[in-house]
Amino acid sequence: MIKKLVLMLCIAISVPAVISAEIKESELSGYRSAFLKKIISYNPDKEAEIRRCMDGYIKTGSSGIKLIDKFALFLYDCNSKGLSIEKIKFYKDGNVNLFIITLKDKSDDSLYSLSLEYTYISTKGSFELSDISFSMIFPDKIKGVAQFFSGG
């Protein structure tokens, strides 16, 4: 199962043109809206920062893709692979934007955490993926860790 998710993430992050060839603009627009709605619902106090970030570009050579389009394609790919986004946390510190996404595999209810760190490079006028982390979440352990850190 982890191999399937890692492969899906690699494809979604590195080959957006393949995915975008399969999706119509109207569908992509729906996925943009769904992603924005979900991220803002978990971070309502950061809506303006999120919208500014999502309007930015990731450039490769002379071409680029908007960050919101990248996440819309990722959401599309997740849905087609039987994954759902359960939660998205957003943090901004200077030029660094951090997305922590909790994914759920619908086939076995396994949870996964994906952290994506994008740094805005002002000299290029675009974002670069500066760090990525992907791990499985063990629900049976979360409760005990949460109790420990909450003083329980």
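The values are calculated or read from the model by the stated rules, or taken from the named source; none is laboratory data. Computed from a predicted structure; not experimentally measured. Glycine gets a Cβ as well: all are built from the backbone with ideal geometry, and neighbour counts include every protein chain shown.
Values for this structure:
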{"quantity": "Lone qualifier among Lys37, Lys141, Lys104 - being modelled with pLDDT under 95 and under 25 Å from Ile23 (Cβ atoms)", "calculated": "Lys104"}
{"quantity": "Candidate set from region 17-34 (those that are in a helix (DSSP H, G or I) and of a type in the set (Asp, Glu)); member that is modelled with the highest pLDDT", "calculated": "Glu27"}
{"quantity": "Pairs, first closer than 11 Å to Ile88 by Cα in region 40-54, second among the acidic types (Asp, Glu) and in a helix (DSSP H, G or I), C-beta under 8 Å, six or more apart", "calculated": "Ile40/Glu47"}
{"quantity": "Extreme residue, nearest to Glu117 (Cα to Cα), among residues of region 61-86 that are in contact (Cβ under 8 Å) with a residue 60 or more places away in the chain and aliphatic (A, V, I, L, M)", "calculated": "Leu67"}
{"quantity": "So Ile58, is it touching a strand residue (DSSP E or B) at 6+ places or on another chain (Cβ under 7 Å) and either at pLDDT below 90 or over 25 Å from Ser113 (Cβ atoms) (or both)", "calculated": "no"}
{"quantity": "Residue count for region 43-87, restricted to those that are part of a helix (DSSP H, G or I) and loosely packed, with under 15 Cβ neighbours inside 10 Å", "calculated": "9"}
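Residues checked against (1) without any contact (Cβ under 8 Å) to a residue 40 or more places away in the chain; (2) not acidic (Asp, Glu):
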| position | (1), (2) |
| --- | --- |
| Asp93 | yes, no |
| Ser115 | yes, yes |
| Phe127 | no, yes |
| Phe134 | no, yes |
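Here is a yes/no grid of residues against (1) surrounded by 15 or more Cβ atoms within 10 Å (Cβ to Cβ); (2) part of a strand (DSSP E or B):
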| residue | (1), (2) |
| --- | --- |
| Tyr91 | no, yes |
| Leu98 | yes, yes |
| Ile101 | yes, yes |
| Lys104 | yes, yes |
| Asp108 | no, no |
| Tyr112 | yes, yes |
| Tyr120 | yes, yes |
| Leu129 | no, yes |
| Phe134 | yes, yes |
